[in-house]
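Notes follow the structure.
The values are calculated or read from the model by the stated rules, or taken from the named source; none is laboratory data. This one's a predicted model, so the numbers in the text were calculated from it and none came from an experiment. Please note: Cβ atoms are built from the backbone with ideal geometry, for glycine as well, and neighbour counts cover all protein chains shown.
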Amino acid sequence: MEGSHDPPFQEQYNSLFNKSPDTGPKYANDYDLFIVQECELPLIDLAQLNSGELARERCKKDIARASQEWGFFQVLNHGISREILDKMRSEQIKAFKKPFHEKMNESGFGLLAGSYRWGTPSATCLKQLAWSEAFHVPLNAISGLGGRSSLSSTMEKFAKTMSELAHKLAEILAENMGHKSTFFRQTCLPSTCYLRMNRYPPCPISPRVYGLMPHTDSDFITVLHQDQIGGLQLVKDGKWISVKPNPEALIINIGDLFQAWSNGVYKSVEHRVVTNMLKERYSIAFFLCPSYETTIKSCVDPSVYRKFSFREYRDQVQEDVKKFGYKVGLTRFLV
């Protein structure tokens with residue numbers, strides 16, 4: 001029986017549970033959920049950036065290499081204190097433990113009003129259903145609140161430090177491509193970036209549904225803080241691998257926009273979250289996004305992808321999800 005704070009997944013999507021498992025579209029990388037190898041992502045100590053020149057350059061090369069070969073890596077000594085991370089997790093749990101009807105009330109939930117999401121409204125089969133709930137909060141909704149609540153003051157500190165880390169990594173990756181660029185500082189602003197707090201409730205029909213279906217991120221860089229339950233998986237060398245949680249590290253992954261900007265050098269890799277029958281999982285992600293008007297084009301020629309605006313990209317993604325049930329992504333924008 002689902003608690004009063006849990007979304008009513010089974011009631012809402014009852015018709016999907018009775019459909020044939022073969023109903024709906026297939027995914028190119030939808031491999032067996034059970035045959036998944038666990039591994040540790042490349043682990044990079046950012047303290048090296050403040051060491052001597054040799055260590056600093058080696059660290060930058062490690063970041064670039066991981067972004068090319070994996071599209072994912074972990075960072076230690078990232079500048080976000082354990083105190084802020086623990087406090088943010090505590091505030092996140094309190095928000096999700098509110099009654100479901102309060103979370104759905106768009107006008108009565110303070111800072112988080114109108115930001116709540118759950119399930120997949122467009123799902124036509126179980127493999128399109130996300131067994132998760134989230135608060136999707138733009139940074140400009142967080143900043144300037146003056147610490148009116150414990151949640152707002154904690155989120156403001158958290159967002160500021162996550163944003164700075166994402167910008168630092170973006171600049172290192174741009175520099176590796178030969179560009180000491182202010183592009184990311186100019187286009188990725190508090191009004192365009194956002195935080196997403198995620199909760200994956202225990203799932204009685206695991207592994208028949210995903211916590212989050214296979215996808216790539218539609219941003220430049222994502223910074224993820226997750227708990228120790230596990231469930232994040234990504235594609236490496238044509239196979240799904242399971243990411244072993246590291247309590248000291250944050251996870252970084254490259255998004256579609258950086259793959260396009262780098263002309264395919266940095267990889268935006270397909271990933272997913274699998275459900276757990278017994279345990280809930282929490283994570284919180286920062287997304288480094290530009291304004292909708294920002295033009296995305298390759299930093300080198302000849303370009304693999306045609307020029308496009310972020311708005312055009314988001315509109316195409318939404319159109320494809322509505323039409324096919326899943327995101328097509330960058331292949332739509334090949335030259």
- Task: Taking the residues in region 299-309 that are touching a helix residue (DSSP H, G or I) at 6+ places or on another chain (Cβ under 7 Å) and at pLDDT 95 or above as candidates, determine which candidate is nearest to Met197 (Cα to Cα).
- Result: Phe308
- Message: Looking at region 218-225, can you tell me whether even one residue there is modelled with pLDDT under 95 and out of contact with any helix residue (DSSP H, G or I) (no Cβ under 8 Å at 6 or more places or on another chain)?
- Response: no
- Item | Search result, residues across region 123-178 that are farther than 30 Å from Gln48 by Cβ, outside any helix (DSSP H, G or I), among the aliphatic types (A, V, I, L, M) and more than 19 Å from the chain's Cα centre (by Cα) | Ala123, Leu145
- Message: I'd like to check something: does region 252-259 contain any residue that is among the aliphatic types (A, V, I, L, M), surrounded by fewer than 22 Cβ atoms within 10 Å (Cβ to Cβ) and either touching a strand residue (DSSP E or B) at 6+ places or on another chain (Cβ under 9 Å) or under 26 Å from Gly211 (Cα atoms) (or both)?
- Response: no
- Item | Only one of Gly114, Gly119 that is surrounded by fewer than 21 Cβ atoms within 10 Å (Cβ to Cβ), at positive phi and either within 19 Å of the chain's Cα centre (by Cα) or among the acidic types (Asp, Glu) (or both) | Gly119
- Message: Looking only at residues that are without any contact (Cβ under 8 Å) to a residue 60 or more places away in the chain and β-branched (Val, Ile, Thr) in region 179-229, which one is surrounded by the fewest Cβ atoms within 10 Å (Cβ to Cβ)?
- Response: Thr182
- Item | Members of region 169-188 found to be at pLDDT 90 or above and either in contact with a helix residue (DSSP H, G or I) (Cβ under 8 Å, 6 or more places away or on another chain) or of a type in the set (Phe, Trp, Tyr) (or both), listed by number | Leu169, Ala170, Glu171, Ile172, Leu173, Ala174, Glu175, Asn176, Phe183, Phe184, Arg185, Cys188
- Only one of (1) among the polar types (S, T, N, Q); (2) over 27 Å from Ala64 (Cα atoms); (3) in contact with a His (Cβ under 8 Å, 6 or more places away or on another chain) fails for Ser283. Which number is that? (2)
- Note on the structure: Here the residues within region 260-284 that are within 25 Å of Lys87 (Cα to Cα), of a type outside the set (A, V, I, L, M) and surrounded by fewer than 23 Cβ atoms within 10 Å (Cβ to Cβ) are Asn276, Lys279, Glu280, Tyr282
- Task: Look through region 133-167, keep the residues that are free of Cβ contacts under 8 Å to residues at least 40 places away in the same chain and surrounded by 17 or more Cβ atoms within 10 Å (Cβ to Cβ), and return whichever of them is nearest to Pro99 (Cα to Cα).
- Result: Ala141
- Query: Any idea which residue in region 34-79 is surrounded by the most Cβ atoms within 10 Å (Cβ to Cβ), counting only those that are under 23 Å from Lys160 (Cβ atoms) and at pLDDT below 95?
  - Reply: Gly79
- Could you please find all residues in region 94-117 being of a type in the set (Lys, Arg) and in a loop (DSSP other than H, G, I, E, B)? Lys97, Lys98
- Item | Matching option when the condition is of a type in the set (Gly, Ala, Ser) and farther than 30 Å from Tyr210 by Cα, among Ala174, Ala166 | Ala174
